[in-house]
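Read-outs throughout are calculated quantities, based only on the coordinates presented, and are distinct from any laboratory measurement. Computed from a predicted model, the values in this text were never measured in an experiment. As a convention, Cβ positions derive from the backbone with ideal geometry for all residues, glycine included, and neighbour counts pool all protein chains shown.
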Amino acid sequence: MEFRIGKAIASEDRTMVIAEAGVNHLGRMDYAEKLIASAKRAGADMIKFQTYKAARLTTRNAPRFWNWEGEHDKEGSQYDSYSILDSFGKEEHRRLKEMCDAHGIEFLSTPFDNEAVDMLVEIGVNGFKIASCDINNIPFLEYVASKGLPILLSTGASSMEDIRRAVEVIHSRGNDQVCVMHCTLCYPTEPKDANLRAVLKLQEAFPDKLIGFSDHTLGTVVASASVLYGVRAIEKHYTFDKTLPDSADHWLSLDEADLARLVADVRTLEAALGTGGKAVLDCERPARSFARRSLVAARDLPKGSVLEAEDVVCKRPGTGIPPTRLDEFVGKTLARDVVADALFETGDFGE
C-alpha cells in the first residue's frame, strides 16, 4: 500500500513527515524561504502552508476557539486574527512552490475555498490537505476531490460517521487517493487527549487506506510513538523561530532541531518494527552459538562408563550437544574417555 504526493511517499514501510508551516511566514517571503530551507535540512518530506482569505473563511464576528496572549486585538474575532496573515496571493504561492522545488522538498497547502483550490492547481500543486474544520463541508470536499489529486484528510473533532461520510464523498468523485489523518483539535493537545489507539479503529474502518497523524501535542514523543501504531504520515506545526509574533502557531511548533529529532526517531522506530516474524536473526547467531549451553562432563569419565545425570553439567558455549537432548544420552555407555569440563560429542557414545 502506498500514498504519494509528488515525490513525498508514505508506505507500509516508510512514514511521510510533513512540516506544517501554515502562515508562519507572516506574509514575508524571506521568512517563507527560511521555513522551507530549514524544514528540508531537518529531513521533512513536505512542507505545508495554508491558503485562505479571511473574508471567505469567516464572518467578521465569529468567536475565536483558541486563547493566545499575542493577539493584536485581545477581544477580537477570528476574522481579526486571520486577516492579519492572509496577504499571500497567486504569485506569492507560485514563489513558494518554486522555492520548494529549488530546495528539493514537496510543496503543499491547505485550501479553504474553491478559489484557493483552483489557484493551487494552476501553480502545480500535487495534492491537497483538507483541514478538520471542513470534514463536513460536503460541497467543498466534492470540489477538491474532483481535481483527482491525492488528499490528506484531517479528522479532528470528528466522529467515525463524519469520517466515513467524508471518505465516501471523495470516493463518489472518482478519487480514492486518501490518507486519513488522526487528529485531536486542541491547541496544544495534552498527551492524555492524543488517543493514539484511535489509529487502530481507523485502520479497521479503512483497511485500504494508510493512516496518518496530525499531531498538536508539544514536543516529539507522541508523534514518534504513533509509528508503532501504524501511522505512516506525520504532520507537525513548524517554525524556524518559536518567539516570532503574530501567529499563534509559533510557540507550539517544532523548530529545526525538534523536527530533525522527530525525523531521526521516526526512522529508528520504522527500522525497529522489523518484519513481525520470530526467527533467529543473523546478528543473533554468535550469541546463539556461544551464550547458550552444551552438555559438559562434570568429572573425568573413563571409557565404558554408563552416563548418569549427575555426570553432566550444562555450560557455555552452545556449540556442543544442547541441553534439550540430555535424556537421549543418559544411560548410554561411553565409547572413549571424556575429561572433566569437556563438551560431550555424539561420537563419545559410539554407535
Determine the relative contact order of the chain: mean sequence separation of Cα pairs under 8 Å and six or more apart, normalised by residue count, in whole percent. 16 percent
May I ask for the angle, rounded to the nearest 10°, between helix 160-172 and the longest principal axis of the chain, with both axes built from Cα atoms and the value confined to 0 to 90°? 70 degrees
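Extension gain Glu345-Ala271, at 0.36 nm per residue separation less the Cα-Cα distance, in nm? Mind showing how you got there, number by number?
Values: separation 74, 0.36 × 74 = 26.64 nm, distance 4.01 nm.
Contour length minus Cα-Cα distance gives 22.6 nm.
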Could you go through region 235-240 in sequence order and give the Karplus-derived ³J(HN,Hα) for each residue, using 6.51 cos²θ - 1.76 cosθ + 1.60 with θ = phi - 60°, rounded to whole Hz, and x for Gly and Pro? 10, 9, 4, 9, 8, 9
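Kirkwood Rh over Cα pairs of region 126-205 into Stokes-Einstein at 10 °C, 1.306 mPa s: D in µm²/s? It would help to have the intermediate numbers written out before the result.
On the way: Rh = 12.9 Å.
This corresponds to a translational diffusion coefficient of 123 µm²/s.
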Flagged links, alpha-carbon separation over 29 Å, of Lys147/Lys192; Lys53/Lys192; Lys74/Lys242; Lys74/Lys97: Lys147/Lys192; Lys53/Lys192; Lys74/Lys97
Given an 8 Å cut-off on Cα distances and at least 6 residues of separation, report the relative contact order of region 74-146 as a percent. 26 percent
Over the chain: helical MRE at 222 nm, DSSP H runs n ≥ 4 each giving -39500 (n - 2.57), nearest 500: -9000 deg cm²/dmol
For region 241-300, what is the convex hull (Cα atoms) projected area averaged across all directions, in square nanometres? 8.3 nm²
Amide H neighbours of Leu295 under 5 Å, at least 5 residues apart or on other chains, H built in the peptide plane: list them. Ile321, Phe344
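Over every pair of different alpha-carbon atoms in region 1-59, take the mean of 1/r and invert it; report that Kirkwood radius in Å.
Working: mean 1/r = 0.0764 Å⁻¹.
Radius from the Kirkwood sum: 13.1 Å.
Cα convex hull of the chain: mean projected area in nm², to one decimal?
Value for the chain: 24.4 nm².
For region 1-117, what D do you get in µm² per second when you plug the Kirkwood radius from alpha-carbon pairs into Stokes-Einstein at 10 °C and 1.306 mPa s? Please list the in-between numbers first.
Details: Rh = 15.5 Å.
Estimated diffusion coefficient is 102 µm²/s.
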Asp282-Arg164 pseudo-label distance in nm [points 7 Å out on the Cα-to-Cβ vector]: 4.7 nm
Lys/Arg Cβ at +1, Asp/Glu Cβ at -1, dipole of the chain taken about the Cα centre: which of Pro111, Pro63, Ala248 is farthest positive-ward? Pro111
Take every DSSP beta bridge whose two residues both sit in region 1-115, then give the antiparallel share in percent to the nearest 5. 30 percent
Measure nothing but the geometry: give the 0 to 90° angle between the long axis through the Cα atoms of 114-123 and the longest principal axis through the Cα atoms of the chain, rounded to 10°. 70 degrees
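Among all stretches of the chain without exposed chymotrypsin sites (Phe, Trp or Tyr not before Pro) (DSSP loop, at most 12 other Cβ atoms within 10 Å), which one is longest? List each step's numbers first, then the result.
Values: sites that count: Phe65, Trp66.
That gives 67-351 as the longest site-free run.
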With θ set to phi - 60°, apply the Karplus curve 6.51 cos²θ - 1.76 cosθ + 1.60 along region 34-43 and write out the HN-Hα couplings as whole Hz, x wherever there is a Gly or Pro. 5, 4, 5, 5, 6, 5, 5, 4, 6, x
With the crude spin-label approximation of a point 7 Å out along Cα→Cβ, what separation in nm comes out for Lys303 versus Arg14? 6.6 nm
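Evaluate region 252-346: find the radius of gyration of its Cα atoms, find its Kirkwood radius, and give the ratio Rg to Rh. Can you show the working numbers first?
Working: Rg = 23.8 Å, Rh = 16.9 Å.
Radius of gyration relative to Kirkwood radius: 1.41.
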Expressed in nm to one decimal, what extension gain is obtained for the pair His171 and Arg4 from 0.36 nm per residue of sequence separation less their Cα-Cα distance? 58.4 nm
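First select every other residue whose beta carbon is under 13 angstrom from the beta carbon of Arg316; then total the charges, Lys and Arg +1, Asp and Glu -1.
Working: positive: Arg288, Arg292, Arg293, Lys315; negative: Asp341.
Result for the neighbourhood of Arg316: +3.
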Projected label distance in nm at Val221 and Ala102, using a 7 Å step from Cα toward the beta-carbon: 4.0 nm
Taking Cα atoms, the helix 90-103 axis meets the longest principal axis of the chain at an angle in degrees (rounded to 10) of 20 degrees
Using θ = phi - 60° and the Karplus form 6.51 cos²θ - 1.76 cosθ + 1.60, what ³J(HN,Hα) does each residue of region 266-282 get, whole Hz, x for Gly and Pro? 4, 5, 5, 5, 4, 5, 5, 4, x, 8, x, x, 10, 8, 6, 8, 4
No solvent, one uniform scatterer per C-alpha: report log10 I(q)/I(0) for region 179-276 via the Debye equation at q = 0.12, 0.13, 0.20 1/Å, two decimals. -0.39, -0.46, -1.00
When only Cα pairs under 8 Å and 6 or more residues apart are kept, what is the percent relative contact order across region 1-102? 25 percent
DSSP beta bridge pairing in the chain, given as percent antiparallel to the nearest 5: 25 percent
